[in-house]
1. In sequence order, what are the phi-derived ³J(HN,Hα) couplings for segment 204-216 according to the Karplus relation 6.51 cos²θ - 1.76 cosθ + 1.60 with θ = phi - 60°, rounded to whole Hz, with x for glycine and proline?
2. Taking H placed 1.01 Å from N in the peptide plane, check which residues at least 5 places from L56 or on another chain put their amide H under 5 Å from its amide H.
3. If amide H atoms are built 1.01 Å from N in the plane of the peptide, which residues on other chains or at least 5 residues away come under 5 Å of the amide H of R292?
4. Could you state the orientation-averaged shadow area of the convex hull built on the Cα atoms of segment 198-332, in nm² to one decimal?
5. For segment 248-322, how big is Rg over Rh, using alpha carbon atoms and the Kirkwood form of Rh?
6. What is the set of long-range amide H partners of I257 at a cut-off below 5 Å, with H atoms built 1.01 Å from backbone N?
7. Sorted by mean Cβ packing within 10 Å, highest first, what order do the peptides 128-136, 337-345 take?
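Every read-out reported here was derived from the displayed coordinates using simple, explicitly stated rules and does not represent laboratory data. Because the structure is a prediction, the values reported are computed rather than measured. Virtual Cβ from ideal backbone geometry, glycine too; neighbours counted across all protein chains shown.
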Amino acid sequence: PAMSALDIGEYFDRLLQLRGGLDWSLVYDGCLEGWQFHQCSLRGTTVVRVRRERPLPLEHWLPVMRPEFRNSAARGDTGPFQFRLVELLAPGDALLELAALSEAMGDVEKQAYRMLGLLFVSTDLTQPSLVRSALWRDFPQAGQFSSVSVYCDRELVPPRTQGGFACYECATSVHGSRTLVEQFVQIPWPTLPAWGPPLLKGTLDSFTREWTALTRPESIAMAESTYIIANLRSCTRGPPLLPVLAAGEDERVVVQIGGCTWAAPRPGEFSFPRYMQNLLAFVDFHARCFDRLDGWRVVPYQAVIDCADWEKAQQAFHELFRVQRSAYRHMYGGKSAPKVHFGASPSFTDLCSEGPLPIDHVVQRKTFVEWAQAQRSE
C-alpha cells in the first residue's frame, strides 16, 4: 500500500523546518487549560503550534506515545476520535485507520469536527481515513523525540509534505522530570480563520483526556514492557544454524540432531531478526521480530521482539535452540555455540527512514557477529 511505502523521513525533515526560526505570534496563553497556542505565516500557509508541559519524564512519555500503544491503551478515553491499528510496520511505526467519530456526538458537533479536519489535516474526520504514524527517538537531538502522523483518504490519494496532510509532534525533556510537548500543523491558507481556535479547543480537550489515560501507572508499565530485546552472542564460527526441510534437497553441509536437519545460512542471507522469526515459525509460532525501534536501526546482533508473541513462544524457542547449539558444536567442533540473551537494552546504529539494507557478508569479531551491509543502489 502507498502509506506503508511512504518515505516518512521526508516528513521528519519537514518538522525540522517547522520548528526552526519561525516568527511565532501568541494567540492564546493559559485560557486553554495550560496550553499555549501560537501561529505564524510560512510561504502562503499558516503554521499552528500548541505547547504544554506534562509532569512526566521523557523516558516514560516515549513508550506510551508509540502509535501502536497510544491508540490501543487509550481507546475509550480519547474523546471524539476512534483509531484502529491496521498494520504494525515496526515498533514506533504503524498504519492506523481513523475509524469514526463517537456515535454520541450530535450532528452540529460532527459538522464542526468535519470543518476542523478539513482545515488542519485536509481530511474529512467524519469519514474513515488512513493514518501513517511514526515516532523517532533522539530526534531532532538527544533528550527529545518526535512523531509524525500523515493522513490519507480511503482512495489512497498520494499524500504530500506541503499543506495540511500531516500533524507533527516534538517532546523535549524539561529539568529531567517534565516533558514539553509541542504539536504543529501546517494549513494551506494564508491566515487562520476566526472559527479555527474555538474548534481547536475541543481537540485539545481530547488530548488532555487521552494523556490522562496514557500516563496512569498501569499504562506506563504496560507500554514499557511491550517489546523485549534479544541479543546474539558467542558466534565464534559463524551465525547459528537453521533447520531445513529435507537434507537431500539442500546442497549445504547438514547435521541431523534432535529430529531436525540443520544447516548454516547461505552466504549473504543471515539477518538475526529474520532468523528469530524463521526459527519460531519452524515450531508453528508467529512472532513479530524487527531490526529497528522508534525509528533507529538496532545493532545487527540484536532483534526487537513483541513481548506478547515472545511469552507464547519462548518455551518452544529455548527447547529448539538447545538442539541448535548441539548441532552447531557437532558441525564445527569445540565447546562454543551461539547464545541468545533476552532483556538487554537496545543499542542503535543509525536512523532508518527506509527499508532494511541488504546484508552482504558476516564477520566475526570477538564473541559478536558483525554484518557488513551492502550499499543501497542509487
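1. Once rounded to whole Hz, the list reads 5, 4, 5, 4, 4, 5, 4, 5, 4, 5, 6, 9, 5.
2. Sorted by chain and number, the residues that satisfy this are T179.
3. Here the answer is V298, V304, since their amide H atoms fall under 5 Å of that of R292.
4. That works out to 11.5 nm², a quarter of the Cα hull's surface.
5. 1.00
6. W262
7. In descending order of packing, they fall as 128-136, 337-345.
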